[in-house]
Each structure stands twice: as C-alpha cells, then as structure tokens.
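Participant: Quick one: this structure, given as structure tokens, is what I'll be asking you about.
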Amino acid sequence: MAMPQAATAPGPDSPGSELGDVIIEMKKVNKWYGTFHVLHDVDLQVRRGERIVICGPSGSGKSTLIRCLNQLEEHQQGEIVVDGVTLNAHMPRIDVVRREIGMVFQSFNLFPHLTALENCMLAPMKVRGLSREEAERIARTYLERVHIPEQAGKFPVQLSGGQQQRVAIARSLCMNPKIMLFDEATSALDPEMVNEVLDVMVSLAESGMTMLVVTHEMGFARRVADRVIFMDAGEIVESAPPSQFFANPQNERTRQFLGQILSGNRTPAPA
Amino acid sequence: MAYQFEFADVFAYWPELLRGALHTLVLSGLAMVIGMVVAVLGALGKTSGPRWLQWILDAYIEVIRNTPFLIQIFMIYFGLPAAGVRLSSETAALLALVVNVGAYGIEIIRAGIESISKGQIEAGKSLGLRPLQIFRYIILKPSIQAIYPSLTSQFILLMLNSSVCSAIAAGELTAAAGDIQSRNFRSFEVYFVVTCMYFAMSVLFWGAFAAIERAWLRKPSLR
Ligand SMILES: Nc1ncnc2c1ncn2[C@@H]1O[C@H](COP(=O)(O)OP(=O)(O)OP(=O)(O)O)[C@@H](O)[C@H]1O
Ligand SMILES: [Mg+2]
C-alpha cells in the first residue's frame with residue numbers, strides 16, 4: 001500500500017531525469033461547450049512522478065483540462081491516453097480508469113451521510129472489494145497521514161473546511177491512485193486553513209505522487225512543481241520549470257498574469 | 001328528547017374494532033414498504049432511465065395524481081377481472097394503495113434526488129464507483145433525508161386513505177365500523193370511537209417514522 005517513492009527527492013529545477021515513463025498524454029485535444037471552444041489543441045505530456053501546477057485567469061479552461069483526464073468532461077477531438085488507456089466518452093468501463101485517478105475538488109464534496117472514516121472506506125470496499133477491516137485500516141492510515149486521525153468518527157458538517165479538505169484528500173489516497181488531480185483545493189478555504197491543506201499536498205508531492213494541481217498558490221508552485229503551466233483562453237501558453245517560469249516568462253500574457261497574481265498573492269513563497 | 005350516548009353498545013364490538021384496526025395497520029404498513037420500493041425504483045427510472053421508461057412513468061404518475069382514489073380501487077377490484085385478473089378484496093386494496101402511494105412517492109423522492117449536488121456525483125465517479133453504486137451509496141440516503149417529512153406525510157395520508165378501501169369490503173377499520181353501526185344503530189358512537197382509533201394509529205406511525213429517522217437516517221450507515 002506504500003506510495004511509490006521517488007529514488008531521490010528531485011529539486012524543483014531538475015525535471016526529467018528522475019521521472020518515469022509517460023503516464024498522461026494529451027494530443028491536439030479540443031473541447032467545446034456547445035459552440036464555445038474551451039480547449040484549443042492542447043498538447044500535454046506528464047511523466048510518472050511529475051508534479052505540475054496549472055495556473056491561468058478565470059475561465060481559461062484549467063478545470064476543464066484536468067476534468068477531461070478522468071472524463072468528468074468529454075473531449076470532442078484529439079487523443080487522451082492515461083496510463084496506456086485511450087479515453088473516450090463512450091467507453092463502457094471508464095470507472096476502471098477513474099479508480100486510479102484521485103480528484104480533489106474546490107468544494108470538498110465529502111459525502112454528508114458518512115463519517116470521515118466511512119468517506120474513506122466506501123470506495124476501497126465497493127470498488128476494490130476490500131473487506132471492511134482492511135478498508136478501515138487503510139482509511140485510518142491515511143487520516144493519520146493528513147493529520148486528523150482523531151476526527152475519524154465525525155460527520156463532514158462537524159469538521160472545519162480545512163479538515164474536510166484533508167479528509168477528501170485522504171479519501172482519494174485510500175484508493176492508492178497513480179495520479180492525483182487538484183482543482184483549486186484551497187480556494188474555498190478561510191486563509192488560516194490554507195496552509196494545513198497545502199502542507200498535506202507538499203508532503204504528498206514529496207512522496208513521489210504524480211500530481212496535476214490547479215492553483216493560484218504560487219508559493220506551492222515554486223516549492224514543489226517540476227513544471228508550471230500557464231493557460232489562457234483554452235490554450236497552454238507557457239510551460240516551464242518554476243525557476244524559469246517565474247524569473248523569465250517567455251510570453252507576454254504570462255508576464256501580465258504573473259504581475260497581477262504575485263502582487264496580490266496570499267501566501268508568501270517559502271524561503 | 002335528548003340523544004342518549006351509549007358507548008357500551010360500541011365496546012361490545014371491541015374485538016371486531018381491534019381486528020379492523022389491526023387490518024388497517026398491516027394493510028398500510030405493507031403498502032408503505034412496497035410503495036417505498038416502487039417509489040425508489042421509479043425515481044431512479046425517472047432521473048436516469050431511458051426515455052421510453054420516463055415516458056411510461058410520467059403517464060403513470062399523471063393518471064394516478066389526477067383521478068380519485070376510489071375510482072382507482074374500483075378499476076383494480078372490478079375492472080381487472082374483465083382483463084382476467086381476479087383479486088381478493090384484501091389484495092386489491094393493497095395493490096390500489098401501493099399504486100397510489102407509488103406515484104406520489106416517485107415525485108417526492110425524485111425531488112430529493114435532484115437536491116443532491118452535482119459535486120457529490122462527481123466525487124463518486126472520481127473514486128471509480130459505477131452509476132448504480134453512486135445511486136445506492138451516495139445519492140439515496142441523503143435524498144430520503146432531504147424529503148423525509150413529505151414522504152412520511154404521504155405515508156400517513158396513505159393510512160387514512162386506506163379507509164376508502166371499505167368500499168370493496170376489504171375488512172379494515174372503516175369497513176368494520178360500517179358493519180357494527182348497521183347492527184347496533186349507534187353510528188355516532190361507533191364513528192367517534194373509530195376517529196379516535198385512526199388518530200391513535202397516526203400517532204403510532206409518526207412515532208415509528210421518528211424512530212426510523214433516529215435509528216437509520218442519522219446514524220453512520222456504511223454496510
Ligand atoms: N458545463 C459548462 N457549460 C458551458 N460552459 C462551461 C461549462 N463549464 C465551463 N464552461 C465555460 O468554459 C470556460 C472554461 O471553464 P473552466 O471552469 O475550465 O475555467 P477555469 O480556468 O477552471 O476557471 P476558474 O479559475 O474560474 O475555475 C469558462 O468560460 C466557463 O464559463
Ligand atoms: Mg476552475
């Protein structure tokens with residue numbers, strides 16, 4: 001059940017060398033909502049163990065992009081291959097792909113009628129077919145890893161936002177996923193709870209998990225990302241290691257965006 | 001000459017009244033349980049079934065909600081034999097109650113299902129749960145919680161409506177009352193006692209519904 005460990009903890013500026021084979025491949029992906037063209041010829045390759053931060057202005061298609069990876073949204077053109085499986089909207093067993101991809105939402109989406117522990121046990125039992133005892137053991141392990149073992153018996157309404165989001169992360173990890181997607185996981189949190197969730201995400205990143213993280217927390221990007229991707233109007237405009245991305249952005253739109261976001265950023269970059 | 005109340009004449013028939021009340025309880029209880037199954041499956045069909053099924057369910061719901069219950073009973077008891085299905089008055093009464101409460105129940109539970117946020121379903125999908133698992137483990141219980149007061153009110157109405165089944169002599173409390181008052185001519189006393197008995201049965205059901213809510217709806221629930 002151990003998470004895959006990277007051989008060495010790669011620094012943020014050393015992408016590539018320690019990373020594994022390609023786990024996600026998007027080729028010329030296009031998506032429309034009705035007549036609205038949300039994703040334009042998106043090309044993206046993610047390697048096993050890679051940590052990618054996606055940023056960009058509101059409405060640029062960041063959520064849509066990562067939601068295509070587990071087909072919560074379908075794409076109309078191009079190819080998406082996840083861990084060797086080519087995705088399309090009509091595949092009969094999309095659930096088999098989804099169970100290997102954890103997803104954390106801005107609005108937590110914990111199941112209100114289940115305790116924190118049961119939220120974590122549901123999928124391992126019903127999807128993986130684990131026994132109740134085994135599922136509970138795993139659930140407790142991950143609740144501990146997100147630092148809230150003592151909240152196991154509580155219902156979501158009894159938890160703070162930060163605690164709920166950490167349960168949601170634990171719930172995904174209990175499926176032992178190969179990839180974790182985060183869609184603005186800290187955006188709905190009160191400022192004092194942002195760090196407790198970011199800390200969990202950082203330690204997950206350090207454990208070697210493949211992660212795609214949509215966030216405006218540039219401190220997080222600097223600290224753990226192998227690559228930062230900037231999207232605008234449905235296109236990937238820039239993709240570079242954080243040092244280069246922040247110090248020397250190539251595209252004018254990236255420069256503008258960084259100018260705005262860094263002047264108003266909530267969390268300072270860690271030293 | 002003032003009317004002389006004579007309840008002793010009614011209590012002489014106590015065993016018959018009790019038998020009628022028990023009959024009402026069993027008939028309504030069964031109709032609630034079976035009606036609940038119809039309502040849940042129907043709501044599932046209406047929210048995510050194929051078009052043709054949704055159309056059939058719509059027709060069923062509209063017909064039942066826009067016709068008198070008494071006529072529905074007559075259709076089942078006197079109408080079905082024309083189609084070769086002959087039911088005892090008890091079975092016909094149960095079927096009529098199930099068909100009736102099912103139609104209202106589908107709409108109530110559908111409203112509950114629609115109150116569940118899209119995010120809940122997306123969370124379930126992301127974890128790799130399949131559509132029926134999402135319905136069963138994620139949607140169903142919070143949906144019922146959301147509409148529990150309407151659902152239980154509908155069930156109480158069902159129990160009260162079961163008195164209409166006396167029209168086909170289904171042997172429940174109202175039929176027993178009719179029988180007794182035709183023999184002792186004490187209609188006021190009989191119906192007064194029967195009113196109290198219906199009220200007591202309502203209280204009994206409300207109590208049961210509250211107990212179910214405490215035991216099932218508010219408790220951890222993963223099996
Ligand atoms: N279901 C939908 N139907 C129609 N349009 C949609 C739908 N979902 C998103 N859009 C539109 O697609 C565009 C991209 O949306 P998306 O949610 O991917 O943006 P985003 O980059 O995640 O933005 P934000 O930072 O606000 O979350 C937006 O203009 C949005 O209005
Ligand atoms: Mg978004």
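Participant: Which aspartates and glutamates have a Cα less than 19 Å from the Cα of B:K118, not counting those fewer than 8 places away in the same chain?
Facilitator: Answer for B:K118, where 19 Å is the Cα cut-off: A:E73, A:E74, A:D95, A:D183, A:E184, listed by chain and number.
Participant: Here's a follow-up. Give the average, rounded to an integer, of partner chain Cβ atoms located within 10 angstrom of each Cβ in A:95-108.
Facilitator: Whole-number average of other-chain Cβ neighbours for A:95-108 is 4.
Participant: When the Cα atoms of chain A are enclosed in a convex hull and the volume is divided per residue, what value in Å³ results?
Facilitator: On the way: hull volume 36.2 nm³, N = 271.
Convex hull of Cα atoms, per residue: 134 Å³.
Participant: Quick one: order B:Y104, A:Y142, A:Y33 from most to least accessible surface, probe 1.4 Å. Provide the component values of the computation, followed by the final result.
Facilitator: Values: B:Y104 65, A:Y142 5, A:Y33 95 Å².
Order by accessible area, largest first: A:Y33, B:Y104, A:Y142.
Participant: To the nearest 0.05, how large is the calculated FRET efficiency for A:R255 and B:S48 if R₀ is 45 Å and r is the Cβ-Cβ distance? Can you show the working numbers first?
Facilitator: Details: r = 47 Å, r/R0 = 1.05.
About 0.40, to the nearest 0.05.
Participant: Report for chain A the percent antiparallel among DSSP-assigned beta bridges with both residues inside it, nearest 5. If you can, show how the numbers build up before the last one.
Facilitator: Values: 20 of 37 bridges.
So the antiparallel bridges amount to about 55 percent of the total.
Participant: Then there's this: Quote to one decimal, in nm, the extra length available between B:V203 and B:L87 on full extension: 0.36 nm per residue of separation minus the C-alpha distance between them. Before the final figure, lay out each step's value.
Facilitator: Values: separation 116, 0.36 × 116 = 41.76 nm, distance 3.13 nm.
Gain on extension, B:V203 to B:L87, equals 38.6 nm.
Participant: I've got another one for you. Taking the mean number of other Cβ atoms within 10 Å as a proxy for protection, how do you rank A:53-59, A:242-248, A:146-152 from highest to lowest?
Facilitator: A:53-59, A:146-152, A:242-248
Participant: Mind checking how much accessible area B and A bury in total, 1.4 Å probe, in Å² rounded to 100? Write out the running numbers ahead of the final one.
Facilitator: Values: alone 12510 and 12100 Å², together 22340 Å².
It comes to approximately 2300 Å² buried between B and A.
Participant: Starting from the Kirkwood radius over alpha-carbon pairs of the protein assembly as shown, derive D by Stokes-Einstein at 25 °C in a medium of 0.890 mPa s and give it in µm² s⁻¹.
Facilitator: On the way: Rh = 26.5 Å.
For these conditions, the coefficient is 93 µm²/s.
Participant: Ignoring everything except DSSP H segments at least 4 long, calculate the 222 nm mean residue ellipticity for chain A; use -39,500 (n - 2.57) per segment, divide by total residues, nearest 500. Write out the running numbers ahead of the final one.
Facilitator: Details: 9 runs with 92 residues, N = 271.
Taken over chain A, the calculation gives -10000 deg cm²/dmol.
Participant: Turning to a different aspect of this structure: Binning every alpha carbon pair distance of the stretch A:199-241 at 5 Å from zero, what are the percents per bin?
Facilitator: Histogram of Cα-Cα distances, whole percents per bin: 6, 20, 32, 24, 11, 7, 1.
Participant: Take the solvent-accessible surface of the protein heavy atoms, probe 1.4 Å, and return the percent of it on the protein assembly as shown that carbon and sulfur atoms account for.
Facilitator: Working: 13150 of 22340 Å².
Answer for the protein assembly as shown: carbon and sulfur cover 59 percent of the accessible area.
Participant: Still on this structure: Search the structure for amide H atoms under 5 Å from the amide H of A:R227, placed 1.01 Å from N in the peptide plane, and list their residues when 5 or more places away or on another chain.
Facilitator: For A:R227, whose amide H was placed from the backbone, the distant partners under 5 Å are A:R51, A:V53.
Participant: Under a 5 Å amide H to amide H cut-off, with H placed in plane at 1.01 Å, what residues pair with A:K154 once short-range neighbours are removed?
Facilitator: For A:K154, the qualifying residues are A:A116, A:L117.
Participant: Report the paramagnetic label zone for A:Q76: residues of the stretch A:20-39 whose backbone N is under 18 Å from a point 7 Å from Cα along the Cα-to-Cβ axis.
Facilitator: Residues A:27-39 fall inside that zone.
Participant: Whole Å is fine, so just give me how far the alpha carbon centre of the stretch B:1-80 lies from that of the stretch B:105-134.
Facilitator: Each part's Cα centre sits 29 Å from the other's.
Participant: Send over the Kirkwood Rh of the stretch A:144-271, from the inverse of the averaged 1/r over different Cα pairs, rounded to one decimal Å. Before the final figure, lay out the partial values.
Facilitator: On the way: mean 1/r = 0.0631 Å⁻¹.
Hydrodynamic radius (Kirkwood, Cα only) of the stretch A:144-271 equals 15.9 Å.
Participant: Could I ask something else about it? Using the alpha-carbon atoms, what tilt in degrees (0 to 90, nearest 10) does helix B:187-212 show relative to the longest principal axis of chain B?
Facilitator: Compared with the principal axis, the helix lies near 20 degrees.
Participant: Jot down the per residue volume, in cubic angstrom and as a whole number, of the convex hull over the alpha-carbon atoms of the stretch B:28-156. Could you put the intermediate results ahead of the total?
Facilitator: Numbers: hull volume 15.0 nm³, N = 129.
Convex hull volume per residue, Cα atoms: 116 Å³.
The values are calculated or read from the model by the stated rules, or taken from the named source; none is laboratory data. Note that the coordinates shown come from a computational prediction; the quantities given were computed from them, not determined experimentally. Glycine also receives a Cβ, built like all others from the backbone with ideal geometry; neighbour counts cover every protein chain displayed. For accessibility, only protein heavy atoms count, side chains too; no ligands or nucleic acids. Shrake-Rupley method; radii C 1.70, N 1.55, O 1.52, S 1.80 Å.
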